[in-house]
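Each remark here refers to the structure printed beneath this line.
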Amino acid sequence: MFRAVNVSAVSTSRQAGPERFSLDDQLSSNRRAAKHIGPVSIIEEIMLPGQSRNYISLADLCHDSPPYARLVELVTTRAVNLVICTDTDRLWRRAALQAQFSALCELSGVQIYAVASPQELVPPEDYTAGRSDSALILEAVSGIVSEIENRKRTRRRMAGMRARVERHGLYFSGTPPYGYTRTGNPDAPLMPDPLEAPWVETIYTLRAQGYGLWPIIDALRERHTPTRSGGPWSSRALWGILHNPVYAGGARWREWSLPGVATRRVKETVINWDGKHPTLISRETWEEAQRINTALGERARVRVASAYPLARLVMCGYGDPPHPMSWKERGRYLNCGRYLSSGGRECRSNQHPRWRVEAFVLSEVRRALTDPQAYETMLRERFASEDGGTEAESLAARLGDLDARQRRLLDALEAGRFPIEELLRRQGALDHERERIEDRLEYLEHTVRRLSAAHDRIFQAAELLDELDHLDPPALNALLRTLIEAVVITREGTHIQWLL
């Protein structure tokens, strides 16, 4: 006799309503189908209300969804030998998730029956881990099809958002920008926030007067201007306000080249100036702000690249990990960027004299260029002090040990010595350790390649020794970045981390 678990699922709470193919409807359909399978005893019924199955990791899904974790528990403990669902997309939406769940079912002697795509089942007493090829192919294909459908759904949703902007002039994001609020209806136009809207006009007025980001932030702090989160103002938040056309009546759509990736770039920008929401500033004011944004942005880039030779090198080492330090155009001191951005709540101001740090770095660079052989020897000694020579062998041995532990883990699972939750936890720990080892090996290999190129690099730089005091800031910065990884300022003083 089959011992079955009856599963129903929808991705959102709205889909669980009575006007949709609800959870109870799915369970009823599954019960009717079970009568035609043969002798079936439904042990338990599981509903997944509003739970997406668009996951890559089974462990993450079990963590986020207790009902799905219960389903996995029934499978791995062999309390059931059959999973009944309306369609396989009730169980997974990604091919990776399908592979993991199907593997657990196979190891536990559990079959999957989808009402929408029925297949012949094997009697429980005759079932073995080596299932029929047709069942294996059907489940694998269903995982791929579900993922393709999910991607199509995403593209349709993005197209709908773009049409919302282009045709109807509606702001599509769920969170309204600073200065606006939204009523309970997500399709309603934005409305000015009585507390925030006046400050948007103030920000643009200060920008029109030529104020930079940090002077504007200082002015807002002096006037006790509230932020939405209640925290201090940041340059990133202010930059977003000064570049958003929504305040002049524009609804903006941006298409990204790599959605959801940290290195994504804007591929296309569409602005509909016939937005349905009230404006907070005039179109002319916004365009004038963009002109100033461009002008100040270009000067800022030139200043960072040319006005200070240690640009993008000097770091504050009072915190862990070290983080960049900042400086004013005509300022005499280096200040911790975290201290400034947090309004003095994090780290400390530092205020190290710029000339002193620069003089120390140049003297050390001059000493290294005077004796290139000693510089190369110093690099190799640093690599050896980090046990770089023997560490690679040790890491390779640890990888082999991880493979052995992986095999023992699978053997223990088949023997039933621990539950599936423990397997997922240990598997995650092994994967994390493997990733760290592989990253470290890649770094060591990169370092060895850099060391082999250090000879040519330092001798090329040594040719500029006589001109070191006469190089303009951009050229000096470029030279320093070929030799130095970071200049770290700590309580003990200034330290140079030479580039390996």
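The values are calculated or read from the model by the stated rules, or taken from the named source; none is laboratory data. Bear in mind the structure is a predicted one, so any value in this text is a computation, not a measurement. We place every Cβ from the backbone using ideal geometry, glycine too, and count neighbours over all the protein chains shown.
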### Query
Considering only segment 72-128, how many residues are among the polar types (S, T, N, Q) and either in a helix (DSSP H, G or I) or not assigned by TED's automatic domain parsing to the domain that holds Lys35 (or both)?
6
### Query
Any residue in segment 126-144 that is aromatic (Phe, Trp, Tyr), at pLDDT 70 or above and in contact with a Gly (Cβ under 9 Å, 6 or more places away or on another chain)?
yes
## Note on the structure
Counted residues in segment 64-120 being surrounded by 17 or more Cβ atoms within 10 Å (Cβ to Cβ), of a type in the set (D, E, K, R) and more than 32 Å from the chain's Cα centre (by Cα) come to 1
#### Entry: Checking Arg221 against (1) under 30 Å from the mean Cα position of the chain (by Cα); (2) touching a residue at least 40 places away in the same chain (Cβ under 8 Å), the condition it does not meet
(1)
### Task
Please determine, by comparing only the residues of segment 197-211 that are in a helix (DSSP H, G or I) and among the polar types (S, T, N, Q), which one is nearest to Ala295 (Cα to Cα).
Thr205
### Task
Please indicate, with yes or no, whether at least one residue in segment 238-257 is in the same structural domain as Thr294 (by TED's automatic domain parsing), in a helix (DSSP H, G or I) and either out of contact with any helix residue (DSSP H, G or I) (no Cβ under 9 Å at 6 or more places or on another chain) or modelled with pLDDT under 85 (or both).
yes
